[in-house]
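Novice: Please find one structure pasted underneath; my questions will follow.
Each value in this text was obtained by applying a stated rule to the coordinates, not by laboratory testing. These figures come from a predicted structure and were not determined experimentally. So basically every Cβ, Gly included, is an ideal-geometry build from the backbone, and we count neighbours across all protein chains shown.
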Amino acid sequence: MSGGVLHSPFLLSRFLIRLWKGLGFLHAMKFLCWNCRGLGNIATVREQKQLLATYKPDIVFLSETKMSANEFSRVQNRCRMQSGLAVNSEGRSGGLALIWEEGIDVTIQSLSKHHINSMVRLKNHNNILVTGFYGHANPNLRSNSWEMLERVGGLVREDWVVRGDFNAILNEAEKDGGQKKRVVYLGQQQKRGNMIKERLDRFVTSVSMIEKYLFMTSKVVQQTHSDHDAIIWDMWGSKPKEYPRDQRLCFRFEECWAMDSEAKNLISSEWNWESTNYVNKLEKIRGVLGPWKRDRYGKMKNDMRKLENKVDRAIDSERRDDSAIILSEMRSRLSQLYARGEIYWAQRSRYQWLRDGDRNTRYFHARATGRLKKNTIEKLKNKDGTWVTNSKDISNVAKNYF
């Protein structure tokens, strides 16, 4: 820092993060969910204690504890999380538990043998409805679980998080090995020698959560004493990397340029340059479109807001002979801006649902944010078998591999 100015964008982002967290606008809360497949085994309890010590979650949801609430209280004491409750198992089947750190404001809303609903109050006084969920193991009865979630969702007025073992996969891409999904449940089947992997456990959040907590992440933690891995969900998530990505490597054609005459003229002018080298032509186009794009589209939201205010003032002002014409022209320009913004976000989301009628730009913002998270490489294994997480080291591993 020199003269009170932060010159590096990375240092500035780090400063803002510390300020945000220091002022208590957002509590960096962590959630853990795990189908432990029974806590009667001391080795499983030790593994759970290690999970808590390593990741320090604020709230923990466990399914298939396979014990009564009284039995679980002893496990809870060993984990040193005094606040919580448990749902009795049916014999040695099922059983749920929710435990949380002291000082966390949690209010239980409802519970059953398949869910625990709790309202969590953050330090910034926002409420989050957190549903711990355990889908029915019998596919023929699983619709009851979905109906319960649907009833809860119909009453939600806050941000909503659902986490747990859904006992279902979204599609065949979430299954590795074994046969395709069966329609009829044939009971518990075990195959020796054939490993079957399915993504049954997950966190699901409302769109409002994605908009508010842009850095939130989930991490799968492999376990040894359960055939289900644990999942850590961090509301704050990963921080900015040490080496910001070179934006020159991410130059792409924007679909919204196709309806922009100014973009067409720029491209045509640079492409008709005397050079016959296509690489040079593309580099020239990138050189002029980059600054133009930042100037034109970086201010798109601000331009929309200004034009909306002008339209409002035109409607409220005294009528003149040309008022209707001026208002019509402004509305036409505003409509073009809306269309341009919609295409801009639709391309980033890679979803083609515009034709469905409900043109929700908020949806595309959420999809683009999700795609950014999906495209993020958190770590890579180098040739020595060591995981690297530093962005510069990740780049070197990728470069050496190819």
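Novice: For a 30 Å ceiling on Cα separation, which of these pairs sit above it: Lys49/Lys123; Lys123/Lys310; Lys123/Lys197; Lys30/Lys379; Lys49/Lys399? Mind showing how you got there, number by number?
Specialist: On the way: Lys49/Lys123 26 Å; Lys123/Lys310 39 Å; Lys123/Lys197 39 Å; Lys30/Lys379 20 Å; Lys49/Lys399 39 Å.
Cα-Cα > 30 Å for Lys123/Lys310; Lys123/Lys197; Lys49/Lys399; rest within.
Novice: Calculated FRET efficiency, Ala173 and Ser110, Cβ-Cβ r, R0 45 Å, to nearest 0.05? Kindly include the intermediate steps, with their values, before the conclusion.
Specialist: Numbers: r = 33 Å, r/R0 = 0.74.
So, using R0 = 45 Å, E works out to roughly 0.85.
Novice: Quick one: of Lys175/Lys219; Lys219/Lys381; Lys212/Lys293, which pairs are farther than 28 Å apart, Cα to Cα? Don't skip to the answer; put the middle values down first.
Specialist: Values: Lys175/Lys219 19 Å; Lys219/Lys381 17 Å; Lys212/Lys293 26 Å.
In this structure, no pair lies more than 28 Å apart at Cα.
Novice: Rounded to the nearest 0.05, what FRET efficiency do Lys301 and Asp322 have when you use their Cβ-Cβ distance and R0 = 35 Å?
Specialist: Numbers: r = 29 Å, r/R0 = 0.82.
Rounded to the nearest 0.05, the efficiency is 0.75.
Novice: Arrange the peptides 32-45, 58-71 so that the one whose residues have, on average, the most other Cβ atoms within 10 Å appears first. All intermediate terms of the calculation are to be shown ahead of the outcome.
Specialist: On the way: 32-45: 19.1, 58-71: 21.1.
The peptides rank, most packed first, as 58-71, 32-45.
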